[in-house]
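Here is the structure we will look at.
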């Protein structure tokens, strides 16, 4: 009886083994081709140029001379983006330089320093030469901002000259 049971068990194993893949034999396989398009940061800032007109120097004992211009920042991509901004020193073609000073109360402590800000509603962000996060913007959305300029104080260089300086915006996928 034991011999029959062992023979039956061996036969069952042989049948079970023949229904599965055997080592060394070729197997069928399936391949699915896949792809993904990575969202690319895209930003449009309008207008492309700001003209603050003619402004005088700020007085240390009075309110600073300042002006503002409207900007529109569009996320022209499909993904959410974080928008960063920074400013830079102002220069003239004759070589005059104003240093960007993000701390407006210190503006008049040294000549040839000015302030750039970016704002929306009650939010106002002082710009430095380093990127600062100003806002996340969803794909395809446009936000309205204001660029501010605060003039250097009396005693600074540049009277009668045109000073140029950038407001730089960078989009990074959020």
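Before moving on, here are some points about what is shown:
- Which listed residue, of 26, 66, 70, is over 28 Å from residue 155 (Cα atoms) and touching a strand residue (DSSP E or B) at 6+ places or on another chain (Cβ under 7 Å): 70
- The condition of being within 19 Å of residue 45 (Cβ to Cβ), in a loop (DSSP other than H, G, I, E, B) and in contact with a strand residue (DSSP E or B) (Cβ under 9 Å, 6 or more places away or on another chain) does not hold for residue 158.
- Condition broken by residue 107, with the remaining ones in (1) modelled with pLDDT under 95; (2) farther than 23 Å from residue 43 by Cβ; (3) exposed (fewer than 13 other Cβ atoms within 10 Å of the Cβ) satisfied: (3)
- Selection status of residue 149, crowded, with 20+ Cβ neighbours inside 10 Å and modelled with pLDDT of 95 or more: yes
- From the options 119, 95, residue that is without any contact (Cβ under 8 Å) to a residue 24 or more places away in the chain and either outside any helix (DSSP H, G or I) or out of contact with any strand residue (DSSP E or B) (no Cβ under 9 Å at 6 or more places or on another chain) (or both): 95
- Count of region 37-58 residues which are touching a residue at least 60 places away in the same chain (Cβ under 8 Å) and either in contact with a helix residue (DSSP H, G or I) (Cβ under 8 Å, 6 or more places away or on another chain) or part of a strand (DSSP E or B) (or both): 3
- Only one of 142, 46 that is more than 26 Å from residue 162 (Cβ to Cβ), in contact with a strand residue (DSSP E or B) (Cβ under 7 Å, 6 or more places away or on another chain), modelled with pLDDT of 95 or more and exposed (fewer than 13 other Cβ atoms within 10 Å of the Cβ): 142
- For region 59-77, residues that are part of a strand (DSSP E or B) and under 18 Å from residue 101 (Cβ atoms) total 3.
- Evaluated against (1) out of contact with any helix residue (DSSP H, G or I) (no Cβ under 9 Å at 6 or more places or on another chain); (2) modelled with pLDDT of 95 or more; (3) surrounded by 14 or more Cβ atoms within 10 Å (Cβ to Cβ), residue 95 falls short on exactly one condition, (3).
- Within region 22-43, the only residue that satisfies the criterion of being at pLDDT below 85 and surrounded by 10 or more Cβ atoms within 10 Å (Cβ to Cβ) is 39.
- Scanning region 125-155 for residues being within 12 Å of the chain's Cα centre (by Cα) and not in a loop (DSSP other than H, G, I, E, B) gives a total of 6.
The values are calculated or read from the model by the stated rules, or taken from the named source; none is laboratory data. Since the model is a prediction, treat every value here as computed from it, not as a measurement. Neighbour counts run over all protein chains shown; Cβ positions are idealised from the backbone, glycine included.
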